[in-house]
Amino acid sequence: MTATHRQQIRRGARSGARRGASDRTSRGAALVVALVTIAVLASVTAIASSRARQAAAVVDNRRSQVTARAMAESGVLAARSRIEVELRDAGADSARVDRVFDALTSGSGALVQDTLIDGVFATAVVDVSARLDVNAAGAEGWQQLLATVAPPADARRVAAAIESRVHGAALGSSLAYDAGQRQRWQRDSVAATMLGREPTSRALRPFTSLDELLTVPGMKAEWLDAIATDLTVDGDGRVNRRTASRRVLASATGTLVDRPSRLLLISRGWRLGHVLTREIQAVFDVNGTELRLVRWREQDR
């Protein structure tokens, strides 16, 4: 082999080595690009999948809310219908009417309970007239009731404070507040309106929940807990002597009756397999064989 041939072979080998290195570099770069592309696609897919799951969860939760609300309302309607039917069937038979009310209010379970597709409701009945109405008890009634759980002097002071609150609410804000207070409330209302907020009324109002009693000066939580089962904010001042406790009867200052004048229907609805529960509390006046709606409250449980 001549020197020329050997040089050509060496040049060819070097050229081949350079081409091989270039090819390996190109393949490495392509692999890196492919791996980055795969990583980006995987990230995009994960994000899209996460958002899809979140959207599905939102839709499912909304469906549960709607189902729970519909079931709770159905429970109120079903219980009301059942009570009115039973009262109409009893007719003028006084003893039978008494048995209807006794059966309604003496049971510890649900009056009506049913399942519709994937929704469930359960409704219980409370004899509001068996309790002392917070806003109608009067200072004397409050003092008598509080004296069963608190020292007499404290019971007298708290009873006077509660009656003052209720009496002030009955008089209205124009009499319960002086001119300076009314001017400050009007100023605050104008400021709230300018800021696009809802003006907050400073007027006194009757108690709408038992928890509000804790805002009364001198009232203690342990006293309220001890008498809570004897109290209501949904009464009309009348007390059912057949179902009220001795403590309520001893504190009653209103009219005593022999049947419920008001009933509270507590209905809870939910969707099978979901924890979200909707509760509706509907207060009805008992007018003969009819129940007439007085108050309606809703909350999630």
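All of the numbers you see were taken from the coordinates with simple rules; none came from a lab. Here the structure is a predicted model, which means the values were calculated and not measured. Counting neighbours? That spans all protein chains shown, and the Cβs are built from the backbone with ideal geometry, glycine included.
Between residue 229 and residue 272, the FRET efficiency estimated from the beta carbon spacing at R0 = 25 angstrom works out to 0.20. Residue separation of residue 296 and residue 77 scaled by 0.36 nm, minus their Cα-Cα distance, works out to 77.6 nm of gained length. One chain, two ends: residue 149 and residue 37. Fully extended at 0.36 nm per residue, the span grows by 32.9 nm beyond their Cα-Cα distance.
Stretched out straight at 0.36 nm per residue, the stretch from residue 245 to residue 220 would grow longer than its current Cα-Cα span by 6.8 nm.
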